[in-house]
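The values are calculated or read from the model by the stated rules, or taken from the named source; none is laboratory data. None of these values were measured; they are calculated from a predicted model. Cβ atoms come from the backbone with ideal geometry, glycine included; neighbour counts cover every protein chain shown.
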């Protein structure tokens, strides 16, 4: 019992000194072996331009740079002739590959397109009634005459009130799969008329 008390009296101060020695205090930092690991530079998106006219939040990327994982569109904005010239790379695939892309196309369509254009492409999606201008039918009228390239362009760049879906569907073949699925909806619509 006596030995335990003596050990406690000797060990507790050393442990306390050890714990307190690790703390440099609120006004001092610990030893920083790797710069900016403890507190990185903070960049706020709404931060204004500094006195020298430069701020990390408003810097423009160098000309000609492309973000990682980004594939630039092969067609310039509003170049419909260029869009019409695009060829669908999913045509001529094996049956196995086509089944995969049919599944991908229907899934991506349901997630991103069906809420506005409707599950059958008739422009009657669940949120269509809440929109100021109803989304067009993809299975009747103008969109049936669009080339695959133009439909791909619309998905990639957006058209009219519809924005681009390139960031939601980053894989190029998945966008082409959506185009193929729209074509499938158009064929089904013709068969039911």
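A compact table of results
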read-out: Failed item in (1) assigned to a loop (DSSP other than H, G, I, E, B); (2) more than 22 Å from residue 73 (Cα to Cα), with residue 186 passing the rest; value: (1)
read-out: Filter result (on the phi < 0 side of the Ramachandran plot and outside any helix (DSSP H, G or I)) within region 158-183; value: 159, 161, 162, 163, 164, 165, 166, 167, 168, 169, 170, 171
read-out: Unmet requirement for residue 171, which otherwise passes all of (1) under 20 Å from residue 87 (Cβ atoms); (2) free of Cβ contacts under 8 Å to residues at least 40 places away in the same chain; (3) surrounded by fewer than 16 Cβ atoms within 10 Å (Cβ to Cβ); (4) more than 17 Å from the chain's Cα centre (by Cα); value: (4)
read-out: Residue 155 crowded, with 20+ Cβ neighbours inside 10 Å, without any contact (Cβ under 8 Å) to a residue 60 or more places away in the chain, touching a helix residue (DSSP H, G or I) at 6+ places or on another chain (Cβ under 7 Å) and not in a loop (DSSP other than H, G, I, E, B); value: yes
read-out: Selection within region 112-149 - in a helix (DSSP H, G or I), closer than 22 Å to residue 170 by Cα and either in contact with a strand residue (DSSP E or B) (Cβ under 6 Å, 6 or more places away or on another chain) or in contact (Cβ under 8 Å) with a residue 40 or more places away in the chain (or both); value: 112, 113, 116, 148, 149
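Conditions (1) modelled with pLDDT of 75 or more; (2) assigned to a helix (DSSP H, G or I), marked per residue:
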{"site": "16", "(1), (2)": "no, yes"}
{"site": "33", "(1), (2)": "no, no"}
{"site": "76", "(1), (2)": "yes, no"}
{"site": "97", "(1), (2)": "yes, yes"}
{"site": "103", "(1), (2)": "yes, yes"}
